Amino acid sequence: MQFQQLQYFVAVAETRHFTRAAERVHVSQPSLSQQIRALEKELGAELFSRARGNIALTDAGEALLPLARRILADADTARHEVQELAQLRRGRVRLGATPSLCTGLLPDVLRAFHDLHPGIELLVEEGGSHDLVRELARGALDLALVVLPLPTPSPALTTVELLQEDLVVVSSAASPAPRRPVRIADLQGEPLVMFRHGYDLRELTVAACRAEGFEPSFTVEGGEMDAVLGFVRAGLGVAVVPRMVAAAGRDLRVTALARPGLRRTIALAHRSDVAPPRAARELQRLLLRTRTSAPREPGADA
């Protein structure tokens, strides 16, 4: 049974005339008649009674008509749904990102994407790079913004570097102004507000301190980005955060790190074996516009 045969059958059933039905579906009358006969042969029953030139549905034709109409309607709905997705009028994008990127980089990019494609649903999952890589691998995310190098390199993922960003030291605006720029070694004995385990910034900061020969001292640990910034504002200690996050914060003193400082590399990742859906590729295109190297700015208090 062919989809086209059902179209021809419904046209004849509704017009009760082979010639008019052929005109409706834009085929010749002999071709339409041939396809109707082929359908009847396949079903093993006549669908029309043709006595004295009058076209009427047989019992088999009456039984088939509502089913054929439903099949054609479902096909039309399917075509419409696919076209909606292909033309980016509907759909969704599942994007993972580290919390600091959700605060700093993503708001402007997602606003631009929403303005272009308001019908696309945006689902954002925050997490550390390790968690996001796992979610990508199991197909729970379309794209993820991660920090390189990946905690566990995976050949199943494709990564494209977007930007490199300086890390800075933030302290309470009420705290004494530190001399500028600050060295990592200057953080020895300094009370630090530290992120939870699994946070990329925690691992990077701790590794930098150990490279200078000391273990960092924590006054508070275990927070997410908003909590860490809040604890710093309250004067509980200082924290090492991305410059774009610090620039957006209020009531914070921002101090650059002395050369060579600390930088992190942000990359856009997706599975290598599965192409992202069309909507995700459009968001990917917008994110790739941010591909640049963040400048090393001289230290400044803010």
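Taking the condition open to solvent by 80 Å² or more (accessible area, probe 1.4 Å), within 28 Å of F195 (Cβ to Cβ) and part of a helix (DSSP H, G or I), does D131 pass? No; evaluated as a whole, the condition is false for this residue.
Using the structure shown, decide if D200 is at pLDDT 90 or above, open to solvent by 10 Å² or more (accessible area, probe 1.4 Å) and among the charged types (D, E, K, R). In short, no. Taking the criterion of being assigned to a loop (DSSP other than H, G, I, E, B), under 14 Å from S129 (Cα atoms) and more than 23 Å from the chain's Cα centre (by Cα), the residues of segment 153-205 that qualify are R196, H197. With respect to the conditions (1) in a loop (DSSP other than H, G, I, E, B); (2) open to solvent by less than 20 Å² (accessible area, probe 1.4 Å), L136 falls short on a single one, namely (1). From the list R79, R89, R52, R111, the one residue that fits, being open to solvent by 90 Å² or more (accessible area, probe 1.4 Å), out of contact with any Phe, Trp or Tyr (no Cβ under 7 Å at 6 or more places or on another chain) and within 30 Å of L167 (Cα to Cα), is R111. The set of residues in segment 50-76 that are in a helix (DSSP H, G or I) and of a type in the set (A, V, I, L, M) comprises A51, A60, A63, L64, L65, L67, A68, I71, L72, A73, A75.
Would it be correct to say that E84 is at pLDDT below 90, open to solvent by less than 70 Å² (accessible area, probe 1.4 Å) and farther than 27 Å from L148 by Cβ? Considered against the rule, which asks whether it is at pLDDT below 90, open to solvent by less than 70 Å² (accessible area, probe 1.4 Å) and farther than 27 Å from L148 by Cβ, E84 comes out as yes. If the condition is being modelled with pLDDT of 90 or more and in a loop (DSSP other than H, G, I, E, B), then segment 212-254 contributes E212, G213, F214, E215, P216, A234, G235, L236, G237.
Cβ separations smaller than 7 Å between residues 6+ apart or across chains give no pair from segment 191-207 residues that are polar (S, T, N, Q) to residues that are modelled with pLDDT of 90 or more and open to solvent by 30 Å² or more (accessible area, probe 1.4 Å). For segment 19-35, taking the residues that are under 21 Å from E46 (Cβ atoms) and open to solvent by 80 Å² or more (accessible area, probe 1.4 Å), the one that is farthest from the chain's Cα centre (by Cα) is identified as P30.
The values are calculated or read from the model by the stated rules, or taken from the named source; none is laboratory data. Keep in mind that what you see is a predicted model, and the values were worked out from it rather than measured. We place every Cβ from the backbone using ideal geometry, glycine too, and count neighbours over all the protein chains shown. These accessible areas exclude ligands, DNA and RNA; they are computed on the full protein's heavy atoms, side chains included. Shrake-Rupley method; radii C 1.70, N 1.55, O 1.52, S 1.80 Å.
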